[in-house]
1. For the range B:1-31, which residues satisfy the criterion of being loosely packed, with under 14 Cβ neighbours inside 10 Å and either touching a strand residue (DSSP E or B) at 6+ places or on another chain (Cβ under 8 Å) or more than 18 Å from residue B:383 (Cβ to Cβ) (or both)?
2. Assess whether residue A:78 counts as being surrounded by 13 or more Cβ atoms within 10 Å (Cβ to Cβ) and over 30 Å from residue A:47 (Cβ atoms).
3. Taking the residues in the range B:296-321 that are touching a residue at least 24 places away in the same chain (Cβ under 8 Å) and not in a helix (DSSP H, G or I) as candidates, determine which candidate is surrounded by the fewest Cβ atoms within 10 Å (Cβ to Cβ).
4. For the structure I just gave you, tell me whether residue B:178 is over 30 Å from residue B:251 (Cα atoms), free of Cβ contacts under 8 Å to residues at least 24 places away in the same chain, more than 14 Å from chain A (Cβ to nearest Cβ) and not in a loop (DSSP other than H, G, I, E, B).
5. Looking only at the range B:65-83, decide whether some residue is in contact with a helix residue (DSSP H, G or I) (Cβ under 9 Å, 6 or more places away or on another chain), surrounded by fewer than 20 Cβ atoms within 10 Å (Cβ to Cβ) and not in a helix (DSSP H, G or I).
6. Across the range B:97-148, what is the number of residues that are within 11 Å of chain A (Cβ to nearest Cβ), in a helix (DSSP H, G or I) and over 18 Å from residue A:75 (Cβ atoms)?
7. Against the definition (touching a helix residue (DSSP H, G or I) at 6+ places or on another chain (Cβ under 8 Å) and within 20 Å of residue B:129 (Cβ to Cβ)), how does residue B:397 come out, yes or no?
8. Out of the residues in the range A:121-131 that are more than 12 Å from the chain's Cα centre (by Cα) and either surrounded by 13 or more Cβ atoms within 10 Å (Cβ to Cβ) or within 16 Å of residue A:16 (Cβ to Cβ) (or both), which is modelled with the highest pLDDT?
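The values are calculated or read from the model by the stated rules, or taken from the named source; none is laboratory data. Being a predicted model, the structure only gives us computed values, none of them experimental. Every residue, glycine as well, gets a Cβ built from its backbone with ideal geometry; the counts of neighbours run over all protein chains shown.
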């Protein structure tokens, strides 16, 4: 819990709800959920709800593009949409656990907001999974929330969190 | 066997075995081997730091480093992708012509550039074109992998073993063009013909979407025309000087370093060249230097001399047979293990044979062909092969170990057979010196090699 300008904030107060995807999902179902939920990032959990990883839109892009194109932007200039379709078809049944990010920065829901900021700065990731005592994810902290914390400390907006619509 | 011989053999053997396992990176292993060898040398008094310094062939390292800088500058301009698309369009997408054209381009580029760079640049374009045309990429990729190794064997600068052998044997750029290039053309020819037959089904397929290929604009690949012009001008100058280096009595390494120095001046005169240097493979240079030092210890402990004595009797009684044995043994070994340590270990052995008055030119060429063509005997025999196999895993028809054995091995065996015939021709036409030289002559060559090492050390 930290107090900014007389108001108390905990991670639980500022985190956004996580959108989950089950570990038996495929690339196609993952992509469907991302598009449907308008999210670039989903939290991957097993049957018991324990955190396994996170999957980001960029992970989908990497899974679809063959290595030889990822390593050569110049060659990719000459590829076309038909080949992209073929590549997407080839990997659409791949399990989400095969292309998700397994090393996800996490913070306990009871943790400190500054610690979350330090984790974000250190890991270079924009997303931190918020987990409970059983390592079950309960929410996500993104750059947005951490930015809002800093904005609030500088008094830019009385309560930057309620000012934003995407909470 | 002396204690020095036993200890140095153990260190070399362990280094070599660890490199083979690929569990630890080869540069890390070789460096540890080199440091251990010098330490053991000091303790048992058979090898000292100044000997280790002399064991490093700075001509090889300088040539490699100079060419690496030139290639790093050129590859960023997109010129190689340009050439790939330009060549492919000329074939109008006909699979057999496409294989012939892209294979030949790979071979020609590998004569000047290192094979791995050539392959990394040409493979993505090849896969895109084959997929667009709806034809099999397998024969083209396989031919590219094999011809990058074959093409590299044609010139003094095409492949690290050639640079090392050329440096030790004092062979000029033109000597390679005269002896190795014609052999390479024959081997490339037989490779194409065999693939035309072995892949007759795949190559008979009518290409689709030829328009897509013809609409590709190769000029879209060029990212930096200014640097490209400078790079090509410097490369042309370097190649011309390579032709003349024998006559001018300039080491090939000096020419490559002149080119590197000039290009850095032209493209990054006011800025730190660190970003370019970072892209060169300094790890490879460290690996080579470490190997030279490790093998140098073996040499100083007298191990290689004993091995050489072993071969001397055979070489004296039947030079041609010895050459053919060296060809096939080094080829088979290169198909299984890295050909660089093999070359580094073989060089002092051949130099000992030379010292004992055997005309070794035929043996040098046997070694050049063996380590050059042998890497094609398996998918793990060369880095170019490993890269092609890995990249092909994401196409519809991955090049498996089995596929390589089915198509690559017969082509390699045919190539080695041609190389054997070439050695026979060299021998009977006396195209290379096969008569016992005067002892004075042979000693002077050794001295020259030693002088060269010493000169490089300063």
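1. B:1, B:2, B:3, B:6, B:10, B:13, B:17
2. yes
3. Among those that are touching a residue at least 24 places away in the same chain (Cβ under 8 Å) and not in a helix (DSSP H, G or I), it is B:302.
4. Working: over 30 Å from residue B:251 (Cα atoms): no; free of Cβ contacts under 8 Å to residues at least 24 places away in the same chain: yes; more than 14 Å from chain A (Cβ to nearest Cβ): yes; not in a loop (DSSP other than H, G, I, E, B): yes.
No, not satisfied.
5. Yes, there is a match, as at least one residue in the range B:65-83 is in contact with a helix residue (DSSP H, G or I) (Cβ under 9 Å, 6 or more places away or on another chain), surrounded by fewer than 20 Cβ atoms within 10 Å (Cβ to Cβ) and not in a helix (DSSP H, G or I).
6. 0
7. Values: touching a helix residue (DSSP H, G or I) at 6+ places or on another chain (Cβ under 8 Å): yes; within 20 Å of residue B:129 (Cβ to Cβ): yes.
So residue B:397 passes the test.
8. Step one: filter the range A:121-131 for residues more than 12 Å from the chain's Cα centre (by Cα), giving A:121-124, A:131.
Imposing the further condition that a residue be either surrounded by 13 or more Cβ atoms within 10 Å (Cβ to Cβ) or within 16 Å of residue A:16 (Cβ to Cβ) (or both) reduces the set to A:123, A:131.
Details: A:123: 83, A:131: 94.
Among them, the one singled out is A:131.
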